[in-house]
């Protein structure tokens, strides 16, 4: 077995090649759909939540806990953290929540937070930091989609198109 051409070796079945290429294109489509879904959700929130109030982080609690994870049928423990920020809100005539809780770990005590809410349904709201983190996940899904798409095209080229070129040279 030649180690240099392991992934492009000729003894890989045609069905296996098709499944690999189709799987990469399917993953690319899923990542792009997740990106579009995230954009739709954040865009919908931004359109609906036209009013804003401010709040101040009054307390930050960081809790450490041990989480059990199974690895090869035996439990292992991993320490994880959870951050809860208590926010005191400067309410107005519509938004009546005087305090909120956020799990955003970038907030610190004394930070000012803008809370955007829907004036027709004040129970629908978001923090500025939430939209920023959703935009970052959209970027990650887009990059993963591009990587899968490029990988699928490379495999498609090497598995099928290059083989057709080599076969045409033989005749």
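Tabulated values for the structure
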| quantity | calculated |
| --- | --- |
| Count of region 38-48 residues which are under 14 Å from the mean Cα position of the chain (by Cα) and at pLDDT 80 or above | 0 |
| Total residues in region 148-171, condition within 16 Å of residue 31 (Cα to Cα) and in contact (Cβ under 8 Å) with a residue 60 or more places away in the chain | 4 |
| Filter result for residue 96 (in the same structural domain as residue 115 (by TED's automatic domain parsing), in a loop (DSSP other than H, G, I, E, B) and loosely packed, with under 12 Cβ neighbours inside 10 Å) | yes |
| Exclusive hit being modelled with pLDDT of 85 or more, surrounded by 12 or more Cβ atoms within 10 Å (Cβ to Cβ) and either out of contact with any strand residue (DSSP E or B) (no Cβ under 9 Å at 6 or more places or on another chain) or under 30 Å from residue 148 (Cα atoms) (or both), set 25, 8 | 25 |
| Given (1) in contact (Cβ under 8 Å) with a residue 24 or more places away in the chain; (2) in contact with a strand residue (DSSP E or B) (Cβ under 8 Å, 6 or more places away or on another chain); (3) loosely packed, with under 14 Cβ neighbours inside 10 Å, index of the condition residue 68 fails | (1) |
| Cross-chain or 6+ apart pairs with Cβ under 7 Å, region 108-126 first and on the phi > 0 side of the Ramachandran plot, then not in a loop (DSSP other than H, G, I, E, B) | 110/56; 110/57 |
| Residue 22, sole failed condition from (1) in the same structural domain as residue 154 (by TED's automatic domain parsing); (2) within 30 Å of residue 90 (Cβ to Cβ) | (2) |
| Criterion violated by residue 19 - all others in (1) modelled with pLDDT under 85; (2) out of contact with any helix residue (DSSP H, G or I) (no Cβ under 9 Å at 6 or more places or on another chain); (3) assigned to a helix (DSSP H, G or I) satisfied | (1) |
| Selected residue (only one of 80, 59 is within 26 Å of the chain's Cα centre (by Cα) and either touching a residue at least 24 places away in the same chain (Cβ under 8 Å) or assigned to a strand (DSSP E or B) (or both)) | 80 |
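The values are calculated or read from the model by the stated rules, or taken from the named source; none is laboratory data. Please read these numbers as outputs of a predicted model, since none were measured by experiment. Using ideal geometry, Cβ is built from the backbone for each residue, glycine included, and neighbour counts are taken over all protein chains shown.
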